[in-house]
Amino acid sequence: MYSDIIRANSEGGNLLGRWTREFSSESELTIQAYYDRTDREFGIGGEVRNTFDLDAQYRFRLGERHEIIWGAGYRYSVDDVAGSPDFRLDQPSVGLQLGSTFVQDVVALIPDRLSLTAGTKLEHNDFTGFELQPSVRLAWTPDEHHTVWGSISRAVRTPSRAERGVHLYADPPQSAPQSPLPLLVPGMGNPEFDSEELLASEIGLRVSVHPRLSLDLAAFYNDYDRLYNVALLPAELRFSPSAQPYLAFPITDGNALYGETYGAEMSAIWQPLDHWRLRAQYTLLRMNLRTRGSVPSVSEASEGESPRHQASLWSDLDLGRHVEWGVGLRYVDALWAQRIPAYVQVETRLAWKPTPNCEISIVGRNLFDAHHQEFSPFLFFARNVEVDRAVYGKVVFRF
């Protein structure tokens, strides 16, 4: 039903404006608005999306120990989705609204030594209604060279249109059992699909080893619930519009995945020369995710579904005359469960600042490979995606 190689095309543009009013060194108001338009074609369908977003936040001090930030935002996103015999949504065009408000208080428990940051964000979306996302963070600075911190927070990922109302149709893989009847695998969105939940805990240490060298170490533990999974439903005998019988093996979205991930992150910044800076980073990830209930699932995640090791090294060099050049290496470990080998990606960036408020840059990514694969979809009607070599320019004006 599908060709081996299908190119996905994407084009669009965006416009962002930001206004800041500083009433004093302790009071500031910022208002930001942007408009974004994207036009994507992805083989079995296409989407045109227009997004309007408005955000405002106000920062001020309350007494000698409290620094408060509060704000609100509104987003309206409307799409127009073109379907095909293999793909469609319940509604071709829908406008979605997202409203949010937040407040954060940074409390100096012991000035310049111990601080507490507490806050919460309240969102309302068109799928699950109100979502509360609180967080708290404690930082201790015993001296000018060391900072110890810890945090705990709750976050959610709300459903998408596709997870609630998509309809996909595909032939089974070649390894499927032989049958005297035609086989078809319909994928259906779940109108009851709920938000995914995360309770994240972190602890870290920042050390200033030397005026030119700093180190950051952090450990994390994430507790997940109601994660996305794909449930296998019982096979059915169905009939086409021409009364041709076929066997259907339907699948649908669910929230049956749960478990935990944990690991560590390490980073270093070293400035060997005034005009040269190096940044290095390493991440270790371990996963233990399981499926709740007795419904069979094809999406249970494991260690081999995500890279256990990732590392990067980036060099920034000031060439003078307001010209900067950066080059970096990024290593990603193999995904042995998906049979995807490890890869190294090379990136570079050349930027010129003719004025303090203007920057012109050119960026190159994946320079040493024409393309490479980063993941393999676990659903057989989804296609493998490879990342191509890319070069693009960017112009930034600040008013």
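The values are calculated or read from the model by the stated rules, or taken from the named source; none is laboratory data. All values derive from a computational prediction rather than experimental measurement. Note that each Cβ is placed from the backbone with ideal geometry, even for glycine, and that neighbours are counted across all protein chains shown.
Quick notes on this one:
- Evaluation of HIS66 against the conditions (1) at pLDDT 95 or above; (2) in contact with a helix residue (DSSP H, G or I) (Cβ under 9 Å, 6 or more places away or on another chain) shows that the sole unmet condition is (2).
- Of all residues making up the stretch 348-374, the number that are free of Cβ contacts under 8 Å to residues at least 24 places away in the same chain and either part of a strand (DSSP E or B) or surrounded by 15 or more Cβ atoms within 10 Å (Cβ to Cβ) (or both): 3
- Filter pass, GLY254 being of a type outside the set (Val, Ile, Thr), assigned to a strand (DSSP E or B) and farther than 23 Å from ARG161 by Cβ: no
- Residue in the stretch 162-173 that is modelled with pLDDT of 95 or more, among the β-branched types (Val, Ile, Thr) and closer than 30 Å to LEU285 by Cβ present: no
- Scanning the stretch 120-161 for residues that are basic (Lys, Arg), modelled with pLDDT of 95 or more and buried (at least 17 other Cβ atoms within 10 Å of the Cβ) yields a total of 2.
- Residue match in the stretch 264-276 (condition: buried (at least 16 other Cβ atoms within 10 Å of the Cβ) and of a type in the set (Ser, Thr, Tyr)): yes
- In the stretch 304-345, the residues that are hydroxyl-bearing (Ser, Thr, Tyr), in a strand (DSSP E or B) and out of contact with any Lys or Arg (no Cβ under 7 Å at 6 or more places or on another chain): SER315, TYR331, TYR343
- Strands (runs of 3 or more DSSP E) contained in the stretch 1-119 and holding at least 2 residues in contact with a strand residue (DSSP E or B) (Cβ under 8 Å, 6 or more places away or on another chain), exposed (fewer than 13 other Cβ atoms within 10 Å of the Cβ) and outside the structural domain of GLY187 (by TED's automatic domain parsing): 9-24, 95-110
- Only one of VAL387, VAL323, VAL298, VAL344 that is loosely packed, with under 15 Cβ neighbours inside 10 Å and modelled with pLDDT under 90: VAL298
- The number of residues in the stretch 68-106 that are under 21 Å from the mean Cα position of the chain (by Cα), within 14 Å of THR51 (Cα to Cα) and not charged (D, E, K, R) comes to 9.
- Residue match in the stretch 268-283 (condition: in contact with an Asp or Glu (Cβ under 6 Å, 6 or more places away or on another chain), assigned to a strand (DSSP E or B) and free of Cβ contacts under 8 Å to residues at least 60 places away in the same chain): yes
- For PHE397, the conditions (1) within 23 Å of the chain's Cα centre (by Cα); (2) in contact (Cβ under 8 Å) with a residue 40 or more places away in the chain are fulfilled apart from (1).
- Residue match in the stretch 286-295 (condition: surrounded by fewer than 17 Cβ atoms within 10 Å (Cβ to Cβ) and among the β-branched types (Val, Ile, Thr)): yes
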